[in-house]
Amino acid sequence: MKLIGSLTSPFVRKIRIVLAEKKIDYDLVLDSPWVEGNQVAALNPLGKVPVLVLEDASTLYDSRVIAEYLDSVAPNNRLIPASGRERINVKRWEALADGVLDAAVAAFLEARRPDGERSPSWIDRQHGKIAQALQVMSDELGEQPWCHGNNLSLADIAVGCALGYVSFRLPDIPWGEHHRNLAHLSEKLMQRSTFAETVPPPG
């Protein structure tokens with residue numbers, strides 16, 4: 001099994017954490033759709049990472065699909081409830097966290113465009129989405145130790161990756177000051193080797 005992706009992609013990080021929490025062996029193949037001559041499009045027609053290449057050479061893409069597949073093939077350390085409202089709740093948390101990532105990536109890329117091509121209003125719109133989503137996360141987490149239930153789930157992994165990416169790419173957003181419960185969750189997650197060992201490198 002091979003995971004195709006970059007060290008800075010938060011969606012790749014999410015899958016690396018899932019693989020580590022599930023104790024699934026794999027090979028990490030570094031590639032990025034932003035690098036000239038990359039092979040990502042040959043594996044995923046959408047030209048995005050992560051891509052999971054299975055033993056039979058078939059591929060899975062989109063982090064939500066990959067995470068669900070990995071949780072289903074390895075019964076240990078289940079990260080997604082099997083069915084019912086609990087399952088939907090975890091998937092809802094994941095969708096919210098992934099939405100933060102989508103907005104953060106869009107804002108980061110727009111800010112890198114040359115003067116005259118950059119749209120401040122577009123960046124502000126993405127920041128607004130992030131702020132609103134973080135407020136909902138904070139409200140729903142409340143004083144709970146985890147996003148869902150009494151143990152780590154995919155909800156916590158997704159939220160932790162979203163918070164980490166906002167700090168990494170949009171450090172001017174002081175989310176930790178505004179949402180102390182999210183900051184405490186992030187600090188707790190960073191005590192796990194699966195999170196600490198997947199922090200993206202500077203740059």
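Taken together, the values in this text are just the output of simple stated rules run on the coordinates, not laboratory data. Since we're looking at a predicted model, the values are computed, not measured. Positions of Cβ are backbone-derived with ideal geometry, glycine not excepted, and every protein chain shown enters the neighbour counts.
As a ratio to 2.2 N^0.38 Å, the alpha-carbon radius of gyration computed for the range 99-203 takes the value 1.13.
Taking a ≥ b ≥ c as the square roots of the eigenvalues of the Cα gyration tensor, an a/c ratio of 1.5 or more together with a/b no larger than b/c marks the range 43-116 as oblate. Considering only 119, 83, 138, the Gaussian network model of the chain with Cα springs below 10 Å gives its largest mean-square fluctuation to 83. Neighbours of residue 76 by Cβ distance under 11 Å: Lys/Arg scored +1, Asp/Glu scored -1, total +1.
About its Cα centre, the chain has a charge dipole of approximately 200 debye under the convention of +1 per Lys or Arg Cβ and -1 per Asp or Glu Cβ, with nothing else charged.
Can you compute the modelled spin-label distance between residue 135 and residue 188, with each label point 7 Å from Cα toward Cβ, in nm? Spacing of the two 7 Å Cα→Cβ label points: 2.5 nm. Largest mean-square fluctuation among 112, 180, 87, in a Gaussian network model of the chain whose springs join Cα atoms under 10 Å apart, belongs to 112.
At full extension, residue 28 and residue 46 could sit 4.5 nm farther apart than now, given 0.36 nm per residue minus the alpha carbon distance. For residue 103, neighbours were defined as the other residues whose beta-carbon sits under 13 Å from its Cβ, and their charges (Lys and Arg +1, Asp and Glu -1) total -1. Of the residues 32, 58, 153, 6, the one with the fewest other Cβ atoms within 10 Å heads the list, and the complete ranking is 58, 32, 6, 153. In terms of the Cα gyration tensor, with a ≥ b ≥ c the square roots of its eigenvalues, is the chain rounded because a/c is under 1.5, prolate because a/b exceeds b/c, or oblate? It comes out oblate by the Cα gyration axes. Just checking the listed ones, 46, 28, 189: in the Gaussian network model of the chain with Cα springs under 10 Å, the one fluctuating most is 46. Add +1 for every Lys or Arg and -1 for every Asp or Glu among the other residues with Cβ under 14 Å from the Cβ of residue 187, and state the total. After counting each charged neighbour, the total is +1. The string of couplings for the range 176-189 from the Karplus curve (6.51, -1.76, 1.60, θ = phi - 60°) is x, 6, 7, 9, 5, 5, 5, 5, 5, 4, 4, 5, 5, 5 Hz, one whole number per residue in order, with x for Gly and Pro.
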